[in-house]
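Notes follow the structure.
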């Protein structure tokens with residue numbers, strides 16, 4: 001089993017605030033790992049640092065795309081990180097709400113297309129073929145995710161749970177080796193969460209992806225993850241299997257507090 005993501009001593013400061021402090025984390029190929037912790041622990045900041053939205057203050061982020069060599073992604077722009085094969089969703093849904101469902105997926109495939117500005121103006125045969133392929137692959141993703149019937153609807157008109165699924169489809173359209181899911185079950189009802197859990201497992205198996213998710217639904221985390229990392233106040237306080245982490249006194253204390261732990 002090879003390592004897809006290898007984060008070493010990652011730190012991020014905002015002025016005098018240390019949001020991340022010497023965080024080490026690994027995700028292996030074909031693995032579903034979870035990053036959990038109370039609100040404000042630094043989980044989304046961690047995602048922002050490894051995907052190029054923030055530049056780390058210290059530490060290194062190494063990423064190994066499928067079939068490629070390891071590369072250091074510190075300081076890379078988000079589009080360059082995506083092109084390498086790292087895709088993400090966001091805690092707050094960031095769809096293009098006034099574009100159709102199909103267009104939302106198609107726009108994500110831009111990093112896998114070759115046509116330039118001149119090609120777009122002249123529209124030679126190879127560009128038309130590429131556009132046709134783009135539409136077909138985007139529609140197939142919608143069909144896989146269960147949203148093909150809504151392909152021509154505006155994204156803003158989808159139910160909340162379907163908007164979450166569309167964001168996953170858009171991330172998948174970039175053809176990633178590593179999929180990062182930031183609270184994918186947030187706001188979902190139990191039925192939607194159960195369906196999402198099945199989808200995440202199927203994505204891992206069907207596309208041979210490594211997945212790292214941030215999630216507050218502990219039943220989902222425990223049933224999906226092979227390895228769990230726990231953060232508190234920007235520091236990694238525990239890691240291990242779901243069983244190991246669930247029995248760790250530090251984790252119990254972080255979630256329940258001193259008095260409840262006692």
Inspect all residues belonging to the range 31-38 and state whether any of them is surrounded by fewer than 19 Cβ atoms within 10 Å (Cβ to Cβ), at pLDDT 95 or above and out of contact with any helix residue (DSSP H, G or I) (no Cβ under 8 Å at 6 or more places or on another chain).
-> no
State whether one or more residues within the range 13-28 are in a loop (DSSP other than H, G, I, E, B), in contact with a helix residue (DSSP H, G or I) (Cβ under 8 Å, 6 or more places away or on another chain) and touching a residue at least 24 places away in the same chain (Cβ under 8 Å).
-> no
Going through the range 144-163 in order, the residues found to be in contact with a strand residue (DSSP E or B) (Cβ under 8 Å, 6 or more places away or on another chain) and either outside any loop (DSSP other than H, G, I, E, B) or under 21 Å from residue 133 (Cβ atoms) (or both) are 151, 152, 154, 155
Inspect all residues belonging to the range 148-160 and state whether any of them is closer than 27 Å to residue 99 by Cα, surrounded by 19 or more Cβ atoms within 10 Å (Cβ to Cβ) and more than 14 Å from the chain's Cα centre (by Cα).
-> yes
Consider residue 171 carefully, then state whether it is touching a residue at least 12 places away in the same chain (Cβ under 8 Å), part of a helix (DSSP H, G or I) and surrounded by 15 or more Cβ atoms within 10 Å (Cβ to Cβ).
-> yes
Criterion (surrounded by 13 or more Cβ atoms within 10 Å (Cβ to Cβ), under 15 Å from residue 176 (Cα atoms) and without any contact (Cβ under 8 Å) to a residue 60 or more places away in the chain) met by exactly one of 66, 141 = 141
Per the filter on the range 16-51, residues more than 22 Å from residue 245 (Cβ to Cβ) and out of contact with any strand residue (DSSP E or B) (no Cβ under 9 Å at 6 or more places or on another chain) are 16, 17
Boolean, residue 166 is part of a helix (DSSP H, G or I), crowded, with 21+ Cβ neighbours inside 10 Å and assigned by TED's automatic domain parsing to the domain that holds residue 110 = yes
Return yes or no: is residue 191 assigned to a helix (DSSP H, G or I), within 29 Å of residue 106 (Cα to Cα), out of contact with any helix residue (DSSP H, G or I) (no Cβ under 7 Å at 6 or more places or on another chain) and at pLDDT below 95?
-> yes
Has the range 93-102 got at least one residue that is out of contact with any helix residue (DSSP H, G or I) (no Cβ under 8 Å at 6 or more places or on another chain) and on the phi < 0 side of the Ramachandran plot?
-> no
Does residue 176 meet the test of being closer than 22 Å to residue 86 by Cα, in contact (Cβ under 8 Å) with a residue 60 or more places away in the chain and touching a helix residue (DSSP H, G or I) at 6+ places or on another chain (Cβ under 7 Å)?
-> no
Filter the range 179-212 for residues that are over 22 Å from residue 142 (Cβ atoms) and crowded, with 21+ Cβ neighbours inside 10 Å and give the result.
-> 210, 212
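The values are calculated or read from the model by the stated rules, or taken from the named source; none is laboratory data. Quick caveat, the model's predicted, so the values are computed rather than measured. Cβ atoms come from the backbone with ideal geometry, glycine included; neighbour counts cover every protein chain shown.
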